[in-house]
Amino acid sequence: MKPRALLERLARPFSSSRRSSSSESRREKEEEADLEAIAAREQRAFLYEALEAATRGFSEKNRLGQGGFGPVYRGRLEDGRDVAVKRLGAGSRQGAREFRNEATLLSRVQHRNVVNLIGYCARGAEDKLLVYEYVPNESLDKILFPPASGHCESTMPAPSIAPLNFASDFPPVVN
């Protein structure tokens with residue numbers, strides 16, 4: 001089965017139709033099997049419990065921020081690697097399609113200006129997580145768009161120029 005088809009099956013719990021608990025249970029087992037098949041080819045499949053331990057129970061202290069996908073937490077895996085764990089929130093503006101697209105795209109992209117997707121986890125219908133390498137410092141949007149100083153400036157802020165120059169020195173990411 002192709003990765004796209006597998007990821008589509010992974011995203012099915014987010015569909016609006018309701019199914020019986022027996023079909024939901026069967027579907028969850030299929031999704032876990034699909035996830036293992038994808039991970040064997042592309043990324044690592046993490047156990048939910050391992051990510052929960054790495055982020056200290058998804059504690060607020062380890063929370064890095066909030067995106068359209070949901071909250072992002074800093075964690076440390078058992079092997080000592082620091083990671084960022086993106087968790088699909090219940091009230092997420094992104095849904096199954098975006099989750100699938102992000103997982104698919106980032107599993108194929110390797111570029112020095114793009115954070116690497118290490119793996120993911122899907123446990124049941126609610127828990128969908130993406131695991132990235134952790135990159136220290138602020139998020140790029142905070143560097144590119146610093147807080148307003150109280151008056152409008154017609155020039156680009158100096159801290160914004162260096163990352164843009166750096167990014168333009170390397171070839172673009174091509175799918």
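Any read-out appearing in this document is the output of simple, stated calculations on the displayed coordinates, not a laboratory observation. From a predicted model like this one, the values you see are computed outputs, not experimental measurements. Cβ sites come from the backbone with ideal geometry, for glycine too, and all protein chains shown count toward neighbours.
Packing order of peptides 117-124, 46-53, 58-65, highest average first: 117-124, 46-53, 58-65 (average count of other Cβ atoms within 10 Å over each peptide's residues). For a modelled paramagnetic label at E49, 7 Å from Cα along Cα-to-Cβ, the residues of the stretch 55-85 in reach, with backbone nitrogen under 17 Å, are 55-58, 77-79. Listed values for the stretch 98-111 are Karplus-derived 3J(HN,Hα) couplings in whole Hz (6.51 cos²θ - 1.76 cosθ + 1.60, θ = phi - 60°), namely 5, 4, 4, 4, 5, 4, 5, 4, 6, 6, 9, 8, 9, 8, and x replaces Gly and Pro.
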